[in-house]
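The values are calculated or read from the model by the stated rules, or taken from the named source; none is laboratory data. Please read all numbers here as calculations on a predicted model, not as lab measurements. A quick note on method: Cβ atoms are made from the backbone with ideal geometry, for glycine too, and the neighbour counts reach across all protein chains shown.
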Amino acid sequence: MSVTDEVLGILENNRGNFVSGNEISKKLFVSRNSVWKAVNSLKALGYDIESVTNRGYRLSSKSDILSAQSVGKYLSYDLNIIVVDETDSTNNYLKKLASDGGKEGTVVIARTQTKGKGRRGRSFYSPENTGVYFSLLLRPASSAEDSLLLTVMAAVAVAETAMECSDSDISIKWVNDVYLDGKKICGILTEGSVSLENGGLDYAIIGIGINVLTPEKGFPDDIKNIATAVYSENEAQGDVKSRMIGGVLQKLLDMYYGKDTSFIERYKRYSFLIGKKINIIYHDRTEPAEVLGITDECHLTVKTERGEVKTLSSGDVSVKVK
Ligand code: BTN
């Protein structure tokens, strides 16, 4: 890690407070001049850092520039976090790293995506500054069928992090969308590669896109009636984007590593489809039904208009509320 990265780590951990140049230089075993140079490089990158004689350096508590350090301070896990300004899709970026042997716990965060991908070949609107777009690489020992649970973990992690930030009503639409007051704030796209040797998962990539703030000009016409952001105008304070990513990753990994085992119950509790009339969307047709519940495997049980009870898997269908 460069001196600049390490200085940023110290300033991020002390946001809003002064840290003296002497203290930083002692911690990092470098000269005070190197600390000063590092602070200048950070300022040139746009960081709002105050330098005051006899007091030291202070990173503004309003700073919300995404970095490995800004997100890492919210994590108890030591992840390999890569932040890029722009990529086509963080899932695609991470797939390349995964095929080259990238380790579990590698995270790619992009400030914007030029071809953000949604489920079923749809695109995901990924503007700069207002949303967060990130993907996590896992190498689970489980089968490909169990990958649905990774999406479920991610949905619960996003819902609960958003609940910490907003008093509004947060809910989950089976299987991978998180809603606030009836509009979508987040989409999740889990992709994987199956090992030809044992049929298990070689790797899984969980891609998460969250509208944290409302874009300055609002959402584009095609999604403005269905999309919203976690924070309403002027409500967000401080490093909300870093806090959102860090909160989601921490919660998701607690579930994945077995520290949090009750997430399926919570997923069911947050799901708003139960009892709703829906249209089941197959590849070639739709069918009206009523949602009865969600199974322990997170499949959807429905009763069709013809009275047939069916269990639906997210790989085969999607649903639309009527
Ligand atoms: C959906 O709503 O259908 C899923 C959207 C998933 C979007 C995220 S943003 C980060 C990651 N990279 C992508 O290209 N897609 C996912």
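Out of the range 112-137, which residues are of a type in the set (Ser, Thr, Tyr), near the ligand (Cβ under 6 Å from one of its atoms) and either closer than 21 Å to Gly315 by Cβ or in contact with a Cys (Cβ under 9 Å, 6 or more places away or on another chain) (or both)? The answer is Ser135, and nothing else.
Going through the range 47-75 one residue at a time, which ones are in a strand (DSSP E or B) and either in contact (Cβ under 8 Å) with a residue 40 or more places away in the chain or aliphatic (A, V, I, L, M) (or both)? I'd like the intermediate steps shown before the answer.
If we filter the range 47-75 for residues that are in a strand (DSSP E or B), which is where we start, we get 49-52, 56-59.
Hits for the range 47-75 are Ile49, Val52, Tyr57, Arg58, Leu59.
Just wondering, is there one or more residues in the range 235-248 that are in a strand (DSSP E or B) and within 16 Å of the ligand (Cβ to nearest atom)? So far as the range 235-248 goes, no, none of its residues is in a strand (DSSP E or B) and within 16 Å of the ligand (Cβ to nearest atom). Can you find a residue that is within 22 Å of Ile226 (Cα to Cα), acidic (Asp, Glu) and out of contact with any His (no Cβ under 6 Å at 6 or more places or on another chain) anywhere in the range 293-308? For the range 293-308, residues within 22 Å of Ile226 (Cα to Cα), acidic (Asp, Glu) and out of contact with any His (no Cβ under 6 Å at 6 or more places or on another chain): absent.
Step by step: first the residues of the range 76-104, then only those that are within 12 Å of the ligand (Cβ to nearest atom) and in a loop (DSSP other than H, G, I, E, B), then the one that is farthest from Pro140 (Cα to Cα). Which residue is that? So the residue we want is Asp88. The conditions of being within 18 Å of the chain's Cα centre (by Cα) and either modelled with pLDDT of 90 or more or of a type in the set (S, T, N, Q) (or both) are met by Ala229.
So is Ala229 buried (at least 20 other Cβ atoms within 10 Å of the Cβ), out of contact with any Phe, Trp or Tyr (no Cβ under 9 Å at 6 or more places or on another chain) and in contact (Cβ under 8 Å) with a residue 12 or more places away in the chain or not? It is false that Ala229 is buried (at least 20 other Cβ atoms within 10 Å of the Cβ), out of contact with any Phe, Trp or Tyr (no Cβ under 9 Å at 6 or more places or on another chain) and in contact (Cβ under 8 Å) with a residue 12 or more places away in the chain.
Pairing each residue of the range 114-133 that is at positive phi with any residue that is more than 6 Å from the ligand (Cβ to nearest atom) and not β-branched (Val, Ile, Thr), provided the two are 6+ apart or on different chains, yields C-beta distances under 7 Å for Arg120/Ser318.
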